[in-house]
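Just so it is clear, none of the values below were taken in a lab; they were calculated from the coordinates. Predicted model only: the values in this text are computed from it and were never measured. Reconstructed Cβ throughout: ideal geometry from the backbone, glycine too, with neighbour counts over all protein chains shown.
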Amino acid sequence: MFEEGGQRADSDTGWAHIANHDKAATVIDTLLRLDADETYTKTALSEAAGVPLKTLYLDGTLEELVTVGLLEKHEADGKETLFSVDNGSEAFEAAKAFDAAAATSGEVDN
């Protein structure tokens with residue numbers, strides 16, 4: 001039932017998508033602060049998030065964030081793949097709401 005590290009191998013919940021990619025939470029935090037009208041290379045997203053490009057590439061973090069609706073992927077023949085924040089998706093709206101709720105909760109606790 002559980003893989004090494006306590007993650008469920010058979011889970012397809014939203015939280016499992018995040019838990020199964022070590023730096024996904026860091027990238028999502030970055031996406032919440034990026035300009036949704038801009039496009040970004042993998043390198044630019046890596047640098048903005050402070051996550052090594054190799055890490056994002058090897059564990060498929062960016063592809064997973066496209067799958068769940070936090071990023072949009074823009075491909076053109078012969079050109080580098082670009083990404084943009086999918087700010088109209090349910091997943092992005094939920095991430096923004098969670099970010100705001102968690103920030104508010106932290107203020108109340110202080």
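Between residue 81 and residue 36, the simple label model (points 7 Å from Cα in the Cβ direction) yields a spacing of 2.3 nm.
When the chain is treated as a Gaussian network with alpha carbon springs shorter than 10 Å, the biggest mean-square fluctuation among 77, 22, 99 belongs to 77. Coordinate range of the alpha-carbon atoms in segment 14-109 per principal axis, descending: 51, 26, 22 Å.
When the chain is treated as a GNM with alpha-carbon contacts under 10 Å, the residue of 60, 78, 69 showing the greatest mean-square fluctuation is 78. Among 34, 58, 45, the largest mean-square fluctuation in a Gaussian network model of the chain, built with springs joining Cα atoms closer than 10 Å, belongs to 58.
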